[in-house]
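All remarks here apply to the structure that follows.
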4 protein chains.
Amino acid sequence: MICVFEKNVDEREVEKLTLRCQQEGIPHHLFYLGGQYRLLIQTEIDFVANWPESDVVIEMLPYTQKRVLTNCQFQPHTVVKFGDLEIGSNQFCVIAGPCSVESSQQIFSIASMVKQFGGKILRGGAFKPRTSPYDFQGSGQQGLIDLKHAADAHGLLCISEVMDTRDVDMVASHVDIVQVGARNMQNFCLLKELGKINKPILLKRGLSATYEDWLSSAEYILSHGNFEVILCERGIRTFENYSRNTLDISAVPILQQLTHLPIMVDPSHAVGMREFVPSLAYSAMAAGAHGIMVEVHTHPELSISDARQTIAPETFAEMMQKLKSMAPIFEKHM
Amino acid sequence: MICVFEKNVDEREVEKLTLRCQQEGIPHHLFYLGGQYRLLIQTEIDFVANWPESDVVIEMLPYTQKRVLTNCQFQPHTVVKFGDLEIGSNQFCVIAGPCSVESSQQIFSIASMVKQFGGKILRGGAFKPRTSPYDFQGSGQQGLIDLKHAADAHGLLCISEVMDTRDVDMVASHVDIVQVGARNMQNFCLLKELGKINKPILLKRGLSATYEDWLSSAEYILSHGNFEVILCERGIRTFENYSRNTLDISAVPILQQLTHLPIMVDPSHAVGMREFVPSLAYSAMAAGAHGIMVEVHTHPELSISDARQTIAPETFAEMMQKLKSMAPIFEKHM
Amino acid sequence: MICVFEKNVDEREVEKLTLRCQQEGIPHHLFYLGGQYRLLIQTEIDFVANWPESDVVIEMLPYTQKRVLTNCQFQPHTVVKFGDLEIGSNQFCVIAGPCSVESSQQIFSIASMVKQFGGKILRGGAFKPRTSPYDFQGSGQQGLIDLKHAADAHGLLCISEVMDTRDVDMVASHVDIVQVGARNMQNFCLLKELGKINKPILLKRGLSATYEDWLSSAEYILSHGNFEVILCERGIRTFENYSRNTLDISAVPILQQLTHLPIMVDPSHAVGMREFVPSLAYSAMAAGAHGIMVEVHTHPELSISDARQTIAPETFAEMMQKLKSMAPIFEKHM
Amino acid sequence: MICVFEKNVDEREVEKLTLRCQQEGIPHHLFYLGGQYRLLIQTEIDFVANWPESDVVIEMLPYTQKRVLTNCQFQPHTVVKFGDLEIGSNQFCVIAGPCSVESSQQIFSIASMVKQFGGKILRGGAFKPRTSPYDFQGSGQQGLIDLKHAADAHGLLCISEVMDTRDVDMVASHVDIVQVGARNMQNFCLLKELGKINKPILLKRGLSATYEDWLSSAEYILSHGNFEVILCERGIRTFENYSRNTLDISAVPILQQLTHLPIMVDPSHAVGMREFVPSLAYSAMAAGAHGIMVEVHTHPELSISDARQTIAPETFAEMMQKLKSMAPIFEKHM
């Protein structure tokens, strides 16, 4: 059940109730949303209704599902805002950049290109989850510094991936959005830590995660206090291996029925071959996505990682142009 | 290897060469395309080059792949034409109608609605591949008669599925396009028979067919003489079972690189829930498809089969409207 | 619902009831099992209970599932018998032979080897479902004649695949068991025809068929009158493509809970590499299978088809030896 | 390439070479195995051969694959030893215990039962990777203390899962084998930390990991210095969802061809229903596994987690009995 407190409740009253839960040994989660404290208590309403500590509660809501906070009943619509930039509204947001930050010069020139053609957020990996231990593992914190510097210089926001619970605060201090990669979607310790920080999280779908698995992972973040989660479909693993993964485009409209969280699409990882990236980007907008995340490089063939799926400036420019002309039909603006 | 004959070759010369192949016990396939006979012989060029019968051949082409006729090297682009209507060009063709023909009245009123909102081809199953033997198996030949009648009355073409080699000629006599369903995509006996008829074939992708499997099935039809094959992506089977199947939208641009055959998308079977059908239809056009095939019904909730994925007239009307406004951006017209 | 008639019911009484169903337009299936007629009528008991024609019915059973005849409630245990040989009891039956019948000499020498090491049924394809139209399509009816001849000469039974409804009677006239391949598991027209013949059917699991799909296909055969169906797990299609398919060994114990039909395993197609076939054969027995079906050849490397997964005589001999020593532990005999 | 040093090389010489690599900016990995230092340098032999530092190298081996240390060419066969107990030899090792350590009493009584029927290693989760944040997350370090205590009291070894890089040393200090769960198989930061400890690692296969992905994850551990890795197949995610996962039994013989590492099977997670666990355990031995890991409980129905797949003492006793009678046939002992 969920206890909803009045807007200006004395925090000590809230604390009394959480204390009581602790004493009774009942799992519970406190979160603050829309100016109100809400306390999720894993027990029946009847049980709690008799506690004197619950007198300050203005509403008691039952819940029957495994997921609570990511459901639309809980909240109708989440919009992640950075000044004018919004993810989850009728803006269509483009995140673009290289697979990996390779040098300050590389990320600087790519940032310039991203800005020029209308991208809003610069991506760039500094801690890379590579299948082989002998592949380039990323340039680490220096990469984040370079990324942030390049983004700032061009009026862009930036996003990068975190892989280790020990790095959460450090990564979060450099970027505007913290990314969880597909391979860590069920790294629950990491999700819990990300629930405690004050930066939006972009949560990629795991290679074999069902919609429920994915939303349960988001629920980990929300239930630990961070409500700014952006979902990102990036292809699932199927029997078809001509493409790197199989983009599950249906996830876009379906997730919007299942949750209030924004949903984006990463066509680059989904298909893994650059010539098909624009078509999938158009599909993403047509399906109703709130934005896309693409790998671009001033010299794709020189990318240390994911070269095969990285698009060139001309392709990016042309793709952005077409997305802009599509946008009004889908009641989006860019 | 492939022997290409000159345009006005004496047919007896061609026959001599096929006869030689028979005598040598070498598998071979003769087909006529673009005003020329071509003889595919499953052996090396060197072997054939010495035959006196090969003197009339103007070009000898090697091939190394399992597929020949469905490759773009063989032919750049196939357009299936019915008067003004084209599938495979810059027209975007909409096939619509009920899952099953239920009565002459039902199909007649649906045909009227399909026509009104801009559909070009009427679909309707008469022989239904149902998972359970106790489900409605279709209304058989009478269904085809009703379908054809309803299509004719509204100036539409029509399409229906064939399941049995014994029914090929009968079904083909009633419809403009013969459909092969996903479950029969590797019913090779059926494909061979369809290679011998003079009607276009719409070949749906099997639930677990790779692109290569699918094109090899198309190759069966082409190699038996029928070059008018339209591919139709309709969702594949994956671990995600929230939706009926998983639409593999990447198949649309990828197949256009792998083959010259037109490719359409069936969003209804792909997702299996009517509220998501329009989004997937828009995605299909955005990804570059040559058209879509959707299940519509004047009273979806009364459908004997597939009710859950069948859209209502208002949804169809709205969807067609949006597709028309999208079309110019993708250099298509409807 | 299912109407059960008394054992010596006058057939005209049964006919009256089926006639009534016809008049009412209600789908129904009559079958004879265990000395009793049973009539499956797709409607509620209440509806039928009032008909005077139903007075001869001794029991009326409701059913709520899509499957009826393949359920254990309907029948506890099916054993397919050929004299002393049984499939579905505590015998462990080995079906062995080449992928394709290539010549009378080839199949004769393989039959001799199969017999020598304890195989009971000779397999050999004459109509081959090949992915590519340019691959060897089988030797046709002559292959069946050679297969039967080789089996007879060595006191073996024989099995071969049918692909076309038009060939059902012909194939059935040559073999002891008729096989339905994975690609035709949902060729419902074929299944219906096989429901009308008087030979046991070995029904392979489709590449992406769930247990329910598979049993529904078996239900097609049973509901058309043929109760002798043997299931054969042969690997499913998954993301892992190192092996040809993924053997779903759990299907063996699970299917024995879901149905009364015997279940065998084909390790050759499941893994596709001969060095792993014996390990999977042992696993099949350990999991409780009623037998296995393996591809063997006196000269595996010379096989026209499936050479890579075909085992040599020494491997077969050793495998049979080990299976025999395992059998008592699993209360089986060979 | 790999530089192999002589057995009693002066460590300062080795250091010189690693220093040179650092100066050249070439990725490299030093490991010690079989009494020899080996230095994996990610460059060509020709490049290194000219360095004066390489004079102390007795052999230079090229490698072309992404994986080196997990390949059979590198090492023929790994046996993880704990006194008399061996994993990877002809012993068949049984790991058993509850899904979660729930109380000291619970784990104590289960340990007693495991010991009684012949299990060698006690399992019990203290840090649980649960899909939902509201499910029991494990009893933490106290659980490990209880587990170790119960194991010690009954002469068993113990194993438990680690999920967080920050917990690696703590968990390793309590258990004999550290487990990496399926959801963390590509948590590369965790794998790197586990490569630095001195305890064997049991690495479960990820839900959608190919054999190559899985071995690459093992390679992470080996390349960071820990060569004692045990693989554990625990079912993969496929379209079939009647069972929890699909046991890929073929992985057992195939992995033994691809790597020298021991391989075990977890039938409990693979199928998720207790009635099928014994059949899969027998299959595992029949396929050649080095052991199994099963969930057992004195009162399965009272398990806080995974109750449905946990077997009761009588089933465990019977299963162990049958495994013992099978073992000699497969040249194993228990």
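Of interest is the spacing of the C-alpha centroids, which for segment D:77-130 and segment B:133-190 amounts to 60 Å. Inter-chain neighbour count for C:241-247: the average number of beta-carbon atoms from partner chains within 10 Å of each residue's beta-carbon is 6. Picking from A:Leu222, A:Val252, A:Ile304, whose Cα lies most toward the positive end of the charge dipole for chain A (charges on Cβ: Lys, Arg +1; Asp, Glu -1)? Positive-end residue among those listed: A:Ile304.
Contact order for chain A, expressed relative to its length and based on alpha carbon pairs under 8 Å spaced 6+ residues apart, stands at 16 percent. Label point 7 Å out from A:Lys196 along Cα-to-Cβ: which residues of segment A:7-35 have amide N under 16 Å? Flagged as within label range: A:29-31.
Chain A has one residue whose beta-carbon comes closest to the axis relating it to chain D; that residue and its distance in whole Å are A:Ser208, 2. Would you please state the base-10 log of I(q)/I(0) at q = 0.05 1/Å for the protein assembly as shown, with intensities from the Debye formula using one equal scatterer on every alpha carbon? Scattering profile of the protein assembly as shown, log10 relative to I(0): -0.41. Measuring between their Cα centroids, segment A:1-74 and segment D:280-334 lie 44 Å from each other. Taking every residue in D:133-139 and counting other chain Cβ atoms within 10 Å of its Cβ, the average works out to 6. Magnitude of the charge dipole for the protein assembly as shown, about its Cα centre and with charges confined to Cβ atoms of Lys, Arg (+1) and Asp, Glu (-1), is about 20 debye. In terms of overall dimensions, segment A:15-67 has a Cα radius of gyration and Dmax of 10.8, 28 angstrom. Only Cα pairs under 8 Å and 6+ residues apart enter the sum, and on that basis the relative contact order of segment D:2-61 stands at 51 percent. Residues whose amide H comes within less than 5 Å of that of D:Asp248, counting only those at least five positions distant or on another chain, are D:Gly235, D:Ile236 (H built at 1.01 Å from N in the peptide plane). Less than 5 angstrom separates the built amide H of A:Ile230 from those of A:Ile201, A:Leu202, A:Leu203, all sequence-distant by 5 or more or on a different chain. With q set to 0.07, 0.10 Å⁻¹, the log10 of I(q)/I(0) for chain B, from the Debye formula over equal scatterers at the Cα positions, is -0.31, -0.60. A cut-off of 5 Å between modelled amide H atoms, ignoring neighbours fewer than 5 places along the same chain, links C:Gln91 with C:His333.
Going by average Cβ density within 10 Å per residue, which order do the peptides D:267-279, B:9-21 take, highest to lowest? Intermediate values should be presented prior to the final figure.
Values: D:267-279: 23.5, B:9-21: 15.3.
Final packing ranking: D:267-279, B:9-21.
In order along segment D:312-325, the Karplus-derived 3J(HN,Hα) couplings, from 6.51 cos²θ - 1.76 cosθ + 1.60 at θ = phi - 60°, round to 8, x, 5, 5, 4, 4, 5, 5, 4, 4, 5, 4, 4, 6 Hz, and Gly and Pro are given as x. Considering only alpha-carbon pairs that sit under 8 angstrom and 6 or more positions apart, the relative contact order computed for segment A:1-123 is 22 percent.
Of all DSSP beta bridges confined to chain A, the antiparallel ones make up roughly 40%. At a Cα cut-off below 13 Å, give the aspartates and glutamates reachable from A:Lys199, other chains included and same-chain residues fewer than 8 away excluded. List returned: A:Glu161, A:Asp169, A:Asp176, A:Glu228. Who wins for biggest fluctuation among D:Asp176, D:Asp152, D:Asp55 in a Gaussian network model of chain D, springs between alpha carbons below 10 Å? Among D:Asp176, D:Asp152, D:Asp55, the largest GNM mean-square fluctuation belongs to D:Asp55. Residue-wise HN-Hα couplings along segment B:2-8, as the Karplus relation 6.51 cos²θ - 1.76 cosθ + 1.60 with θ = phi - 60° gives them from phi, are 10, 8, 9, 9, 6, 4, 10 Hz; Gly and Pro carry x. Using a Gaussian network model of chain B with C-alpha springs under 10 Å, which one of B:Met320, B:Met264, B:Met293 is most mobile by mean-square fluctuation? Sorting by GNM fluctuation, first place goes to B:Met320.
Whole-Hz Karplus values for segment B:238-253 come out as 10, 5, 7, 10, 5, 8, 4, 9, 10, 5, 9, 5, 4, 4, 4, x Hz, taken residue by residue from phi with 6.51 cos²θ - 1.76 cosθ + 1.60 and θ = phi - 60°; glycine and proline positions read x. For the peptides C:226-235, A:296-305, the ranking by packing is C:226-235, A:296-305, with the highest mean count of neighbouring Cβ atoms within 10 Å listed first. In chain A, helices alone account for a calculated mean residue ellipticity at 222 nm of -10000 deg cm²/dmol, with every DSSP H run of four or more residues adding -39,500 (n - 2.57). Only Lys, Arg, Asp and Glu carry charge here, each on its Cβ (+1 for the first two, -1 for the last two); on that basis chain D has a dipole of about 660 debye about its Cα centre.
Projecting the Cα atoms of D:Leu33, D:Val4, D:Phe47 onto the charge dipole of segment D:2-61, computed from C-beta unit charges around the Cα centre, puts D:Leu33 farthest toward the positive end.
Short to long, the 10 Å bins of the Cα pair-distance histogram for segment B:120-219 hold 16, 46, 32, 6 percent of all pairs.
Here segment A:2-61 is treated with +1 on each Lys and Arg Cβ and -1 on each Asp and Glu Cβ, and its dipole about the Cα centre works out to around 160 debye.
Using 1/(1 + (r/R0)^6) with R0 = 51 angstrom and r between the beta carbons of D:Asn50 and C:Tyr242, what's the FRET efficiency to the nearest 0.05?
On the way: r = 39 Å, r/R0 = 0.77.
The value I calculate is 0.85.
Per-residue mean of other chain beta-carbon atoms within 10 angstrom of the beta-carbon, peptide B:205-213? Please list the in-between numbers first.
Values: counts 0, 6, 9, 12, 7, 8, 4, 4, 7.
Mean partner-chain Cβ count within 10 Å for B:205-213: 6.
Every number here is computed from the coordinates shown, using simple stated rules; none is lab data. What you are looking at is a predicted structure, and each value in this text was computed from that prediction instead of being measured. Glycine gets a Cβ as well: all are built from the backbone with ideal geometry, and neighbour counts include every protein chain shown.
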